Amino acid sequence: MIANFFMPTRLVHGPGALGRIADLARGLGVTRPLVVSDPAIAATAFYQAALATLRAAGLDVATFEGCGIDARLSHVDSEAERVRTEGRDGVIAIGGGSVICTAKGIAIVAPNGRSFADMTGVANFRNKALPMIMAPTTAGSGSEVSQFTLVKDEATHRKLVGGGPLSFPDVAILDPVTLATLPQRAAAGSAVDALTHAVEALFSSLATPLTDALALEAIRLQAASMRRSILSDDEKARADNLLASSMANMACGNARLGLAHTLSLPLEAILDLPHTIGVGVLIPRVVAFNAPVAPEKTRALARALGVTAADDLRGTVEAIRDALFRLFEDVGAPIRFADTEVPQARIGEMAAAAIPGLYGGAMPDGEVHDGQVIHQPGVRRASVRDARAIYAQCYG
Ligand SMILES: [Fe+2]
């Protein structure tokens, strides 16, 4: 197998990193940036300080502070038009996943002159995206080091995915000051998602020693820092938390995401379950499913989580599950599904809807049967029957 590892984004991380934003913009040749954010972030001291730093350095700054819960197609297309009209030469995002996705969408659309809706899929645009600097204010999505962006088309209610090698952010600034005002619930969900990205990368059939190294260290760092990052004002833990989530995304950006994300997708699309709850509840059960075909990876995961691996694999899997449950419960993240959110009566329907997966698999023609394979790159093949069994384990 010829493997490919690609990660062109420069990371500038640690306390105070956001103070270097103007130098980093100038280093990219950006003098007239559009800064993208949302109303909550725009009200914070660190955001205002970043704007002041840019302006004090002589940059001609415009702002768009209107992002909402999802990145929206209308924002992306209209702000890209504004970037073209005003001759803006770069995009800076200071915000969570939806802000970063909006900014990335704008950076893609502006030099390509079409709606983002016409450029979905992988690498469906010709011109390189505008220079991008991303400063995440949640430690979770890892979108600051990803080529892809997820944008919601409000008119059709569809989520559009687009991006390619020409749309990697140029710089990611990871400064723990950005996590200081994040509500605990959001911080917990983000951290669980990031940890899940690393575990999924570890159990991917596309994993390599490179992605394993990133994934295992991301898991170790995340597990060691998550409680203090979320439950106290520990700056070092927050810095570790941010770095771990970027590392997790570098791992899964190259090794891809597995069964937890695949099985979460229909719950999110059909039942409106939040992504972080879907993947967080599924991941301990998916580890147990994968463990028999990947015992070494399972033991490596146990060590990364700080769990003493038992002599037998079953004991190791139980120790991993208990460690994840304790970690999630300590930060206030759910460890099982409620029947009101994910009705048990509908798990058969969810298992069938999971078949196409995240990476463009096809839905079979005709009847779905139990042996049908779910499209996902995990180390163990999973059928519709397996998917139903995994969902069923998520209530106990
Ligand atoms: Fe995720």
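Among the residues of the stretch 122-140, the ones that are of a type in the set (Val, Ile, Thr) and within 16 Å of the ligand (Cβ to nearest atom) come to 1 in all.
Restricted to the stretch 81-122, and to residues that are in a loop (DSSP other than H, G, I, E, B) and within 19 Å of the chain's Cα centre (by Cα), which residue is surrounded by the fewest Cβ atoms within 10 Å (Cβ to Cβ)?
Once the filter is applied, the top-ranked residue is Thr120.
Scan the stretch 205-212 and tell me whether some residue there is more than 28 Å from Pro377 (Cα to Cα) and either touching a strand residue (DSSP E or B) at 6+ places or on another chain (Cβ under 7 Å) or small (Gly, Ala, Ser) (or both). No, the stretch 205-212 has no match at all.
Does Gly332 satisfy the criteria of being on the phi > 0 side of the Ramachandran plot, under 23 Å from the mean Cα position of the chain (by Cα), away from the ligand (no atom under 16 Å from the Cβ) and not basic (Lys, Arg)? The answer is yes for Gly332.
Pairing each residue of the stretch 270-293 that is of a type in the set (Lys, Arg) with any residue that is more than 13 Å from the ligand (Cβ to nearest atom) and assigned to a helix (DSSP H, G or I), provided the two are 6+ apart or on different chains, yields C-beta distances under 7 Å for Arg285/Ile390; Arg285/Gln393; Arg285/Cys394.
Do we have Leu358 as within 16 Å of the ligand (Cβ to nearest atom), part of a loop (DSSP other than H, G, I, E, B) and either open to solvent by less than 30 Å² (accessible area, probe 1.4 Å) or free of Cβ contacts under 8 Å to residues at least 40 places away in the same chain (or both) here? Judged against the criteria, Leu358 is not a match. Residues in the stretch 256-293 that are small (Gly, Ala, Ser), closer than 14 Å to Leu202 by Cβ and either within 15 Å of the ligand (Cβ to nearest atom) or in contact with a Gly (Cβ under 9 Å, 6 or more places away or on another chain) (or both): Gly258, Ala260. Candidates Ala40, Ala3: the one that is in a helix (DSSP H, G or I), open to solvent by 10 Å² or more (accessible area, probe 1.4 Å) and out of contact with any strand residue (DSSP E or B) (no Cβ under 8 Å at 6 or more places or on another chain) is Ala40.
Candidates are the residues of the stretch 126-140 that are open to solvent by less than 20 Å² (accessible area, probe 1.4 Å) and not in a strand (DSSP E or B); the one that is nearest to Arg20 (Cα to Cα) is Thr137.
The values are calculated or read from the model by the stated rules, or taken from the named source; none is laboratory data. Everything numeric in this text was worked out from a predicted model, so none of it was measured. Cβ sites come from the backbone with ideal geometry, for glycine too, and all protein chains shown count toward neighbours. For accessibility, only protein heavy atoms count, side chains too; no ligands or nucleic acids. Shrake-Rupley method; radii C 1.70, N 1.55, O 1.52, S 1.80 Å.
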